[in-house]
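Here, each number is a calculation from the coordinates, and none is a lab measurement. Here the structure is a predicted model, which means the values were calculated and not measured. Neighbour counts run over all protein chains shown; Cβ positions are idealised from the backbone, glycine included.
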């Protein structure tokens, strides 16, 4: 099991959700569903776009001096560690050596053929992933444009008219690559990061891993969470 005391508080929901500062060791080079199974065995779960974009926003705001970050154990994240995390999320910093990327990770969301949003919420005793689907909220339709960090409740950029006013509000160098049928993900390259949905769940890429989360998920009661994570009731 992973020691989650040095995970970073997200504050997305009570009880507190925390996320690993970087991708979980050993989570690379697996397809989407295999990555979920790997994370559950480690006692953590894959972040949804909602959790990840909250984390991303918090890290970038902390790097700009607008807030402080705290580990799950309650101690403050140092300025140097915040800087490393911000660079990892927005450039080719501290990524898989030799691949020219920083953060590169699956996110727990798949747009189905019925244009619904599917998320994995657990794993049964036979190793089958437990999935739920919800209606997909309206999403920014433009592709290849920077995002202004105005996200809907599912963690995707809200619809917007792309004009000079919108572009002036985008100062984080993170770009949206669309919400197409497929799995969501995030990758930071040397000069920009891209976020969107549309990857095949069967892709296996040495660059791609996953962050890990702990804390009650978005679709369950506390009792459901304890059962899913095999915790005492």
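Which residues in the range 43-70 place their backbone N less than 14 Å from a point set 7 Å from the Cα of residue 79 along the Cα-to-Cβ direction? Zone members listed by number: 62-69. Rounded to two decimals, the Cα radius of gyration of the range 1-94 over 2.2 N^0.38 Å is 1.07.
If you wrap the tightest convex hull around every Cα atom of the range 113-226 and split its volume per residue, you get 140 Å³.
Summarised in one figure, the compactness ratio Rg/Rh of the chain, Cα atoms and Kirkwood Rh, is 0.94.
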